[in-house]
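Colleague: So that we are looking at the same thing, I have put the structure below in structure tokens.
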Amino acid sequence: MDGTDLPFSKEEYFDRQSSFLENISENSLVLIPTNSLSTRSNDTHYRFRANSYILYLSGWADPDSVWMAFNDQGKWFSSLFVQPRDTKAEIWEGKRVGVEGALSNWPIDRAYSIEDLVEIVSSKLQSKNSVYSIPGLNEKLDNCVSGFVDEILDPRQILDKMRRIKSSNEIEIMKKSAKLASLAHIEAMKHTYSGIGEWEIQSKIEGYFIKNQSECSYPSIVGGGENATILHYKTNRSVIDSGQLVLVDAGCEIHGYASDITRTWPVNGKFTDAQKEIYQLVLKAELAGIEACKVGSSWDSIHAATSEVLAQGLINLGILECSLEEAIGDPPEFNGEYRKFFMHGTGHFLGLDVHDVGGGRQGDKEKGPTLEEGMVLTIEPGLYFGGWRSDIQIPERYSGIGIRIEDDVLVTEEGPIILSSSCPKTIEEIESIVGIGV
Ligand code: GLY
Ligand code: MN
Ligand code: MN
């Protein structure tokens, strides 16, 4: 990282900082730390991924750093504490940007060594009467701040509201992220065959991300057969037999911006009649959910759109033997009988976090905001018939089927735009592509 690959202009970052700081009183100190390295085992670490708030405000992507804003005589100063240059450490871990590099190339007015964090923050706090920070990321900072104030104010409510509306430049990156993940799914479909290991499909998807200088935005779910009925399955170690479906939920990150796509396909390239019945129903629900992603729509209305299709479809297939009202249940929870087979929300915001900040998830108790132009969210209904379940009797015809279809959707005044539209999802498209690269 040297600053030349920052995804946005300095002006865009400074604009974000100003919009944020307009909400903060001049008597406050603002401290946004990033996370440290996490231990994987003994003295090895997980690959570092910066905290999304510091990325959003400054593009700073290295560990052990803090973004700080302080006001002096009516002017806000944006600054970063960073790891200083240190030849011995750099021999092992790679070159650092250092204090001077940060000041030259990042959207800030001041830069300091992280080694001076406590001293400088303490001196600034002498003359401030409130502090905004995100606790739990930097212990030294937390201890220092709590020595001065009883209450630490949370900057996230302000930042979350900002982050949920994407700028045109953020949207361009999110389009690339969704396109890359779509192409990775196509690559995996092409190379699928009967008897393939879940891990082989995972390697096609993730290899494609790496080849294109990207990485996963969350652990890939590759569930063959009944494994598809486990919502957060990520063991990815089973062989998938002819006649079974595979559910692949995998997305990547570009400059920190996530895509999140799910497709489900038959490993032998041909859906059975029973699989087709469930697939068409989930697809119909997904299209209804996308159609409902309009400016002014409530999250509940989107969840209602997918729920009505699924509940009615389950009745039509004879899987539910009750009235539509009983099948759906009452809004806003919609906890009717159909929830036995569709247990998660219809979608979530998408951005620098895969489950992005800024509001509740459809179908959950927490209310989401009304949709506005520039929001990006997923629509991802599914139906899961786990024959292994002891809580309900699964109809034999559908036992073992798990299907989810998930797209990334941008809300605009002209209607929803599907960022992941290059990923095939009709039965005809999928059947024509599975296995052609084997
Ligand atoms: N991949 C996680 C989700 O779809 O929410
Ligand atoms: Mn997903
Ligand atoms: Mn999702």
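Colleague: Which of Lys234/Lys284; Lys166/Lys204; Lys10/Lys128; Lys124/Lys161; Lys10/Lys75 have a Cα-Cα distance over 24 Å?
Modeller: Lys234/Lys284; Lys166/Lys204; Lys10/Lys128; Lys124/Lys161
Colleague: GNM, the chain, Cα, under 10 Å: largest mean-square fluctuation among Asn51, Asn236, Asn27?
Modeller: Top of the fluctuation ranking is Asn27.
Colleague: Using DSSP to define loop residues, name the GluC sites (Glu not before Pro) in segment 242-331 whose beta-carbon has at most 13 other beta-carbon atoms within 10 Å.
Modeller: Here the sparse-neighbourhood loop sites are Glu321.
Colleague: Over the Cα atoms of segment 176-271, Rg to Rh with Kirkwood Rh, two decimal places?
Modeller: Ratio of gyration radius to Kirkwood radius for segment 176-271: 0.96.
Colleague: Please build a GNM for the chain, connecting alpha carbons under 10 Å apart, and tell me which residue among Val149, Val239, Val30 fluctuates the most.
Modeller: Checking each option, the largest mean-square fluctuation is seen for Val149.
Colleague: Let me ask something else about it. I need the chymotrypsin sites (Phe, Trp or Tyr not before Pro) found in segment 366-420, filtered to DSSP loop residues with at most 12 other beta carbons within 10 Å of theirs.
Modeller: For chymotrypsin sites (Phe, Trp or Tyr not before Pro) across segment 366-420 that sit outside H, G, I, E and B with at most 12 neighbouring Cβ atoms in 10 Å, the list reads Trp388.
Colleague: For segment 1-122, what does the relative contact order come out to in percent, with C-alpha contacts under 8 Å and a separation of six or more?
Modeller: 25
Colleague: Answer rounded, prolate or oblate for segment 123-222, using the Cα gyration tensor with square roots of eigenvalues a ≥ b ≥ c: rounded when a/c is under 1.5, else prolate when a/b is larger than b/c, else oblate.
Modeller: Since a/c reaches 1.5 and a/b is larger than b/c, the shape of segment 123-222 is classed as prolate.
Colleague: Please report the Cα spread of segment 157-202 along all three principal axes, rounded to whole Å, starting with the longest.
Modeller: Reported extents, whole Å, longest axis first: 50, 22, 9.
Colleague: Can you give me the relative contact order of segment 264-357 as a percent, contacts being Cα pairs under 8 Å and 6 or more apart?
Modeller: Relative contact order, segment 264-357: 18 percent.
Colleague: Let me see the P(r) profile for segment 255-350: every Cα-Cα distance counted, bins of 5 Å, each bin given as a percent of all pairs.
Modeller: 2, 12, 21, 21, 18, 13, 7, 3, 1, 0
Colleague: Return, for the Cα atoms of segment 110-179, the radius of gyration and Dmax in Å, separated by a comma.
Modeller: That works out to 16.8, 50 Å for Rg and Dmax.
Colleague: Sorted from fewest to most neighbouring beta carbons within 10 Å, what does the list Met189, Met68 look like?
Modeller: The most exposed by this proxy come first: Met68, Met189.
Colleague: Still on this structure, please answer the following. In 20 Å bins starting at 0, how do the alpha-carbon pair distances of the chain split up by percent?
Modeller: Reading the bins upward from 0: 24, 49, 24, 2.
Colleague: Right, next: So between Ile436 and Glu413, what do we pick up on full extension, going 0.36 nm a residue minus the alpha carbon distance?
Modeller: Full-extension gain reported as 4.4 nm.
Colleague: How long are the semi-axes of the ellipsoid equivalent to segment 1-95, from square roots of 5 times the Cα gyration tensor eigenvalues, in whole Å, largest first?
Modeller: After diagonalising the Cα gyration tensor, the semi-axes are 28, 14, 13 Å.
Colleague: While we're on this one: What GluC sites (Glu not before Pro) in segment 1-32 are in a loop by DSSP, with at most 11 other Cβ atoms within 10 Å of the Cβ?
Modeller: Counting only loop positions with at most 11 other Cβ atoms within 10 Å, the GluC sites (Glu not before Pro) in segment 1-32 are Glu22.
Colleague: How high is the relative contact order of the chain, in percent, with contacts defined as C-alpha pairs under 8 Å that are six or more residues apart?
Modeller: Relative contact order for the chain comes out at 14 percent.
Colleague: I want to verify the translational diffusion coefficient of segment 386-438 in µm²/s; compute it with Stokes-Einstein, Rh as the Kirkwood radius over Cα pairs, at 10 °C and 1.306 mPa s.
Modeller: Answer, rounded: 108 µm²/s.
Colleague: Still on this structure, please answer the following. Calculate the spin-label point distance for Ser168 paired with Ser323, positioning each point 7 Å from the Cα along the beta-carbon direction, and give it in nanometres.
Modeller: Each label point is offset 7 Å from its Cα along the Cβ direction, giving 5.2 nm.
Colleague: Another one. Please order Ile403, Ile417 by the number of other Cβ within 10 Å, starting at the fewest.
Modeller: Starting with the residue having the fewest Cβ neighbours, the order is Ile417, Ile403.
Colleague: Regarding segment 283-403, what is the average projected area of its C-alpha convex hull, in nm²?
Modeller: Dividing the Cα hull surface by four gives the mean projection, 7.7 nm².
Colleague: Using the Kyte-Doolittle scale, which helices in the chain average at least 0.0 and also have C-alpha atoms spread 15 Å or more along the helix axis, with helices defined as whole DSSP H runs?
Modeller: Qualifying helices: 299-316.
Colleague: Next question, about the same structure. Cut-off 10 angstrom, C-alpha nodes, Gaussian network model of the chain. Which of His45, His344, His191 fluctuates the most?
Modeller: In this elastic network of the chain, the residue with the biggest mean-square fluctuation among His45, His344, His191 is His45.
Colleague: Can you put Cys144, Cys252 in order of Cβ neighbours within 10 angstrom, beginning with the fewest?
Modeller: Cys144, Cys252
The numbers here are math on the coordinates, done by the rules we state, and not lab data. All values derive from a computational prediction rather than experimental measurement. So basically every Cβ, Gly included, is an ideal-geometry build from the backbone, and we count neighbours across all protein chains shown.
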